[in-house]
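Asker: Below is a structure I'd like to ask you about.
The values are calculated or read from the model by the stated rules, or taken from the named source; none is laboratory data. Only a predicted model underlies this, so the values are computations on that prediction, with no experimental measurement involved. All Cβ positions, even for glycine, are placed from backbone atoms using ideal geometry, and neighbour counts span all protein chains on display.
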Amino acid sequence: MKIIGISGSPRAGGNSEVLLHCALEPFRGQGWAIVEFLLSSKTVAPCNGCDSCAETRRCALRDDMDMLYDELGSCDAIIIASPIYYRNVSAQLKAVFDRTYAVRASAPLAGKAGGAITVGRGEGGGQALGLAVIYNFLLSSGAICVPGELNGVSARADKPGEIRNHPGRLEQARLLGENVLRHTRVLPDARNGSG
């Protein structure tokens, strides 16, 4: 079993990555393969709108997105975390979302459990909007959106690593991971048509 954790933060060790690591903890404990796709260390160019993928079912751009295409098709679950910049997910994460358009026909996330995490500077800084953007991507990809305690996990932090001072939010991220893990125990039967 394999889960992909995507962090949309352009800065290494950012609060989004910290929360993502907490959300992935339950999977480590169950021996899952964990693929962390950290946009702080990857290059994913924005979609250039060439639409060649409509014919080839393959993106014309060559970069680190190639690795993610392979992982999306073989994963069993996904958790996506993003900082909130100007009331939306990061540009880096939006590029990933747009580039999955190239593989939409193969529906690599169909029937797979997915969760969302957002971190913003202040209260009402766009975290809820960011969760909606991530869950909209997951729904558009055919994934099953799994909540944390209420929805996805939203947190307030600014400086790198500041989220570590908020144990309640770290626990919420872990709970989201547990919920995604719980759903994956039921979903494989449903995906194979035997549920």
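Asker: Tell me, which residue of the range 79-136 that is of a type in the set (D, E, K, R) and farther than 23 Å from Ile3 by Cβ is modelled with the lowest pLDDT? Before the answer, list the steps.
Answerer: Just the residues of the range 79-136 that are of a type in the set (D, E, K, R), to begin with: 87, 94, 98-99, 104, 112, 121, 123.
Going one step further and asking which of them are farther than 23 Å from Ile3 by Cβ, we end up with 87, 121, 123.
Details: Arg87: 91, Arg121: 90, Glu123: 77.
Selected residue: Glu123.
Asker: So is Glu36 modelled with pLDDT of 95 or more, over 13 Å from the mean Cα position of the chain (by Cα) and not β-branched (Val, Ile, Thr) or not? Give the steps one after another, and end with the answer.
Answerer: On the way: modelled with pLDDT of 95 or more: yes; over 13 Å from the mean Cα position of the chain (by Cα): no; not β-branched (Val, Ile, Thr): yes.
Considered against the rule, which asks whether it is modelled with pLDDT of 95 or more, over 13 Å from the mean Cα position of the chain (by Cα) and not β-branched (Val, Ile, Thr), Glu36 comes out as no.
Asker: Could you list all residues from the range 158-195 that are modelled with pLDDT under 95 and outside any helix (DSSP H, G or I)?
Answerer: Those that are modelled with pLDDT under 95 and outside any helix (DSSP H, G or I): Asp158, Lys159, Pro160, Gly161, Arg185, Val186, Asn192, Gly193, Ser194, Gly195.
Asker: Which of the numbered conditions does Arg28 fail, given that it passes all the others? Conditions: (1) at pLDDT 95 or above; (2) closer than 23 Å to Gly130 by Cβ.
Answerer: Failing condition for Arg28: (2).
Asker: If you go through the range 123-137 one residue at a time, do you hit one that is buried (at least 17 other Cβ atoms within 10 Å of the Cβ) and in contact with a His (Cβ under 8 Å, 6 or more places away or on another chain)?
Answerer: no
Asker: Here's another thing I want to ask about it. Suppose the filter is over 12 Å from the mean Cα position of the chain (by Cα), over 30 Å from Arg185 (Cα atoms) and among the charged types (D, E, K, R); does Arg57 pass it?
Answerer: Judged against the criteria, Arg57 is a match.
Asker: Right, next: Considering only residues of the range 58-115 that are part of a helix (DSSP H, G or I) and small (Gly, Ala, Ser), which is farthest from Leu20 (Cα to Cα)? Break it down into steps so the answer makes sense when it comes.
Answerer: Taking the range 58-115 first, the residues part of a helix (DSSP H, G or I) are 65-74, 91-106.
Next, only the ones that are small (Gly, Ala, Ser) stay: 73-74, 91, 95, 102, 105-106.
Working: Gly73: 20, Ser74: 20, Ala91: 18, Ala95: 19, Ala102: 26, Ala105: 28, Ser106: 27 Å.
Applying the filter and picking the extreme gives Ala105.
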